[in-house]
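Participant: Handing you this structure, nothing more for now.
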Amino acid sequence: MKLKKLGAAARVINAMFGQWEISESAVTAMGWNISGELCSGTAVDTTTDFDSQGYNPAIKCDCNIPNSTTCHITRLKVNAMDAVGPIPEGLWTLTYLTNLNLAQNYLTGPLSPSIGSLTRMQYMSISINALSGQVPPELGQLTDLRSLAFGTNNFSGSLPSELGNLRRLQQLYIDSELVVIYLLLLLIYRTCRQCRIPDFIGNWSQLQSLRFEGNSFEGSIPPSFSNLALLQDLRISGLSNGTLDFIQNLKSLSVLKLRNNRISGSLPGGIVEFVNLTQLDLSFNNLRGEIPNGLFYLRQMYFLFLGNNNLSGTIPGGLALNSPLRIIDLSYNKLSGTLPFWATDPTLQVNIVANNFTLSSSANSALPSELNCLQRDFPCDRGSPRYSTFGINCGGPRITSSSQIVHEQDNQLLGPAAYYSTPKRRWGVSNLGQSDSPRYTVSTTRDFTNTSDSQLFQTARLSAGSLRYYGLGLENGNYTVNLRFAELAIEDGSTWRSLGRRVFDIYVQGNRVFEDFDIKREAGGASFSPVSKEVMVQVSNNYIEIHLFWSGKGTCCVPDDGTFGPLISAITATPNFIPSMNNNPPSNNNKNNTGLIVGILVPIAATSFLTLLALYIFLQRRKRQDTSDNYEDFLGIDAKPYTFGYEELRDATDDFSPTNKLGEGGFGPVYKGTLEDGRVIAVKQLSIASQHGRSQFVAEIATISAVQHRNLVKLYGCCIDGEKRLLVYEYLENKSLDQALFGSNRLSLKWSTRFDICMGLARGLAYLHEESRLRIIHRDVKSSNVLLDSDLNPKISDFGLAKLYDDKKTHLNTRVAGTFGYLAPEYAMWGHLTEKADVFGFGVVALEIISGRPNSDSSLEDEKIYLLNWAWKLHEDNRELELVDEELSEFDETEVKRMTRVGLLCTQTSSTQRPSMSRVVAMLSGDIEVSGVITRPEYLTFFEFDDSTTFKSASTTSIISPHDSSLPMLHHIMGEGM
């Protein structure tokens, strides 16, 4: 009987180890027998420690189980051995297991419901694997569990309520993104959207540690948490609101970290009674008021983060005698006055950038002289710029790139609350964040392919929280910021060391340009692979701020502790205009050369004055008749565009030669040209016959000057010469999407390229609707208004019909403008305009990208003439794949179906049923399901699309007055309507 039972167990272990490619020699080296009697040797001795790192793979047997005549395997460990594949069903037949450790492998597939048969289980860890699917409710049958860990997997769905049956549980490590490996209770779950933290947790009065970080919970911290009087460690991040009222009874706390929860109100005065506090982090909230006087007297606190709030007043002057406080963040507040005496203590690390302190006193002489330039609004060189470009080799030495841009060294030692500015005040950096295994720079000797600047990717700066770079003293105007990344810590391949996820947000000038940015994902799943991102940004106050922010998402400890937070390799900023700055810092030569200067300049000045006066009078007479026309166009535009001379553009286009003509837009022809500096441009010449041409011209300049994004076309400038109006854009080699898809010289676009084009278009529209400083409706989203650069990256163009909108309004009412086939029904019929009109146009373009055909084609058979009608018929017959362009021999079926359903969802009759563009981005990327009711649109039964001809209607329905002064429309800024 004994041999039979052990034989069954042996077969299970043999099959499992064979599937996972764990060799028999590895088992034999541990002193137990996999092919014969399992319960022998180290499996039954009392001297070999099961939990020892040196005993792996491991089993332990118990041969003294009451009422049993045989030995049984009670403990099994395969830890960090890179076992690959699913968990065999046979494992769940080992019902005497009390301890199972399969952590840090590459196990895949779902977790079987049969796990519920392991009712004797007390300690289970399957964390840091690639398991997927839902957490089975049968896990709640393991009622003797004391410790359960299944963090860092790909589980989805909600936590089963049956987990509430695990009443003996003392340690729970759960997450889908963030691994935490210590203390008594952790509850983190990313995929529960629109959920609140359960109020019943407040009844777990014995809790000593509780953490919610990197999750998607909404709402505030439950008031019931005030019952957790025994809590010693509380860490919560990522909530949307709340106050600190609940902490008044939690005086056992040693660690309190409530970072990034939008907590409002003031710091409670009673917090000075929390005498056990060692770490306090309330950064990135909305706290206001003054800092309580006694806070710096807490005798055990060594870490204090209050930055990125709205705290005001002065810093309390006292500090406890022999205080252990060494790390202080008070940055990005509204604090003012002079600094206390202890702020200059060299043993302290104090970050106080972006406040309103008075720093001119000699008492602050020990502080870096550049700190004054890093105060709020960066006052140095404000209005007196010095530079028009900068480059930084983050974490590394000075390097000149292949484009001859000098990247200055950035290898200063920055701690958890540190800042630095170059002596020439060209750029600065601020770092905030604490890690148990701190690293601030990382490097590799690997060579990087697919880039001509390998050295720029060999070093990087890291942060455990918030990393900001500042370009200082810049000439105002539009810039291109290039951000370079390469993942240097998380490995590749089918190993648990590849399962880490570094996720952070990127802000430029306060606008989030990349959410949940994952370097490895952007590189196609590869580490040590270069990634470059461009952001167009407007500088209006002589500085650029680039902020990389960890909101708690991703993993924290794979492959090593502290592997989380932002990482960046290099930064450059270059102007999109002809700069007047020479990029030279001010001279340090203090010798008095006044006599020499006067002697040289006086005669030159006299002669020059007379010459310039004569020239000025001549030019004024020549231009007087056009002055008012030329400049009143720009009244009300914040960022004035660079102005080209007409002769310069005429020469660039060879006198607007027909051979350089790229096409004919709705308001005039477009020509290719080459400037004297070598830049290739596209010149849009406004048609004099265009009825609304002038307002379109102003609208396009105002819109593109106000918004900059990698998926929006870049405006170099304009030209006004008498009645002539011209716009100058970057030249995009691959022309428009419609020509690429179904033009006479169509391109061969593989599926992955088409999908990327669709994603880029979605991101550009999401930026216009939700992320830019101004909220903009494009009004003419169509494939011919999507241009493709040399790498086939999409860029939205033609903003002549764009409207600003107030997201507090339900809709605007305006003249209908756009292109048949892409017009939303509520806009075409009633003039009701919302951002959902752009969503409709996007849906049509998405279907065109899939099918490789225009939205209407009379050469096709009747049922296929109108693309929307044909797409719906295929969807209803569950034949979506037949929509795919016949030119595509290979494609991802899942992506095709997802993109088709997104396109159909975006073209629903009711605007309320269409998703926002940010949700479209999430659905296309697979971050969320394609949700929403998809029904066949009513307009398909009676509405037929005409050919794609731009039109404008003179009629309007005035449910909301188009002249309502509260509407932030372009004509209110420019003084002209459309």
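Participant: Out of L102, L148, L163, L118, I need the residue that is more than 22 Å from A58 (Cα to Cα) and either buried (at least 17 other Cβ atoms within 10 Å of the Cβ) or under 28 Å from the mean Cα position of the chain (by Cα) (or both). Which one?
Facilitator: Result of the check over L102, L148, L163, L118: L163.
This table checks each residue for (1) assigned to a loop (DSSP other than H, G, I, E, B); (2) crowded, with 21+ Cβ neighbours inside 10 Å; (3) in the same structural domain as G164 (by TED's automatic domain parsing); (4) of a type in the set (D, E, K, R).
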position: R211; (1), (2), (3), (4): no, yes, no, yes
position: L231; (1), (2), (3), (4): yes, yes, no, no
position: L234; (1), (2), (3), (4): no, yes, no, no
position: G270; (1), (2), (3), (4): no, no, no, no
position: R288; (1), (2), (3), (4): no, no, no, yes
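Participant: Of the conditions (1) in a loop (DSSP other than H, G, I, E, B); (2) touching a strand residue (DSSP E or B) at 6+ places or on another chain (Cβ under 7 Å); (3) modelled with pLDDT of 95 or more, T243 satisfies every one except a single condition; which number is it?
Facilitator: (3)
Participant: If we scan region 493-506, do we find a residue that is touching a His at 6+ places or on another chain (Cβ under 9 Å) and at pLDDT 95 or above? Outline the logic, then answer.
Facilitator: If we filter region 493-506 for residues that are touching a His at 6+ places or on another chain (Cβ under 9 Å), which is where we start, we get 505-506.
Filter again for at pLDDT 95 or above, leaving 505-506.
Yes: region 493-506 contains one or more residues that are touching a His at 6+ places or on another chain (Cβ under 9 Å) and at pLDDT 95 or above.
Participant: In region 376-400, which residue that is within 26 Å of the chain's Cα centre (by Cα) and in a loop (DSSP other than H, G, I, E, B) is surrounded by the fewest Cβ atoms within 10 Å (Cβ to Cβ)?
Facilitator: D377
Participant: For region 890-978, give me every one of the helices (runs of 4 or more DSSP H) that falls completely inside it and has 1 or more residues that are modelled with pLDDT of 50 or more and over 17 Å from E848 (Cβ atoms). It would help to see each step written out before you state the result.
Facilitator: Numbers: elements: 893-906, 917-925, 970-974.
Per the criteria, 893-906, 917-925.
Participant: Of all residues in region 532-565, which are in a loop (DSSP other than H, G, I, E, B) and under 21 Å from the mean Cα position of the chain (by Cα)?
Facilitator: Correct list: W550, S551, G552, K553, T555, C556, C557, V558, G562, T563, F564, G565.
Participant: State all residues of region 49-106 that are of a type in the set (F, W, Y) and within 21 Å of A26 (Cβ to Cβ); if no residue qualifies, say none.
Facilitator: To start, the set of residues in region 49-106 that are of a type in the set (F, W, Y) comprises 50, 55, 92, 96, 106.
Listed by number, the residues that qualify are F50, Y55, Y106.
Participant: As an exercise: evaluate Q620 against (1) more than 30 Å from G433 (Cα to Cα); (2) modelled with pLDDT of 85 or more and give the number of the one condition it does not meet.
Facilitator: Q620 satisfies all of (1) more than 30 Å from G433 (Cα to Cα); (2) modelled with pLDDT of 85 or more except (2).
Participant: Still on this structure, I have one more. Does N431 count as within 22 Å of the chain's Cα centre (by Cα) and more than 28 Å from D561 (Cβ to Cβ)?
Facilitator: So N431 does not fit the description; no.
Participant: Then there is this: Scan region 401-409 and tell me whether some residue there is free of Cβ contacts under 8 Å to residues at least 24 places away in the same chain and β-branched (V, I, T).
Facilitator: Yes; the residues of region 401-409 include at least one that is free of Cβ contacts under 8 Å to residues at least 24 places away in the same chain and β-branched (V, I, T).
Participant: Related question: Sort through G318, G307 and tell me the only one that's farther than 17 Å from R288 by Cα, in a loop (DSSP other than H, G, I, E, B) and outside the structural domain of L472 (by TED's automatic domain parsing). If you could, list the steps in order and put the result at the bottom.
Facilitator: Values: G307 fails: farther than 17 Å from R288 by Cα.
Answer to the selection: G318.
Participant: Considering each residue of region 401-416, count those that are under 13 Å from G428 (Cα atoms) and surrounded by fewer than 23 Cβ atoms within 10 Å (Cβ to Cβ), and give that number.
Facilitator: Of region 401-416, the ones under 13 Å from G428 (Cα atoms) are 408-412, 414.
Pick out the ones that are also surrounded by fewer than 23 Cβ atoms within 10 Å (Cβ to Cβ) and you get 408-409, 411-412.
Summing the residues that are under 13 Å from G428 (Cα atoms) and surrounded by fewer than 23 Cβ atoms within 10 Å (Cβ to Cβ) in region 401-416 gives 4.
Participant: Here's another thing I want to ask about it. With assigned by TED's automatic domain parsing to the domain that holds L166, among the polar types (S, T, N, Q) and under 21 Å from E21 (Cβ atoms) as the only criterion, which of Q104, Q134 stands out?
Facilitator: Working: Q134 fails: under 21 Å from E21 (Cβ atoms).
Selected residue: Q104, the only one of Q104, Q134 that is assigned by TED's automatic domain parsing to the domain that holds L166, among the polar types (S, T, N, Q) and under 21 Å from E21 (Cβ atoms).
Participant: Next question, about the same structure. Of the conditions (1) surrounded by fewer than 20 Cβ atoms within 10 Å (Cβ to Cβ); (2) over 47 Å from the mean Cα position of the chain (by Cα), C71 satisfies every one except a single condition; which number is it?
Facilitator: Result: C71 passes all but (1).
The values are calculated or read from the model by the stated rules, or taken from the named source; none is laboratory data. Everything numeric here is computed off the predicted structure, so don't read it as measured data. All Cβ positions, glycine included, derive from the backbone under ideal geometry; neighbour counts span all protein chains shown.
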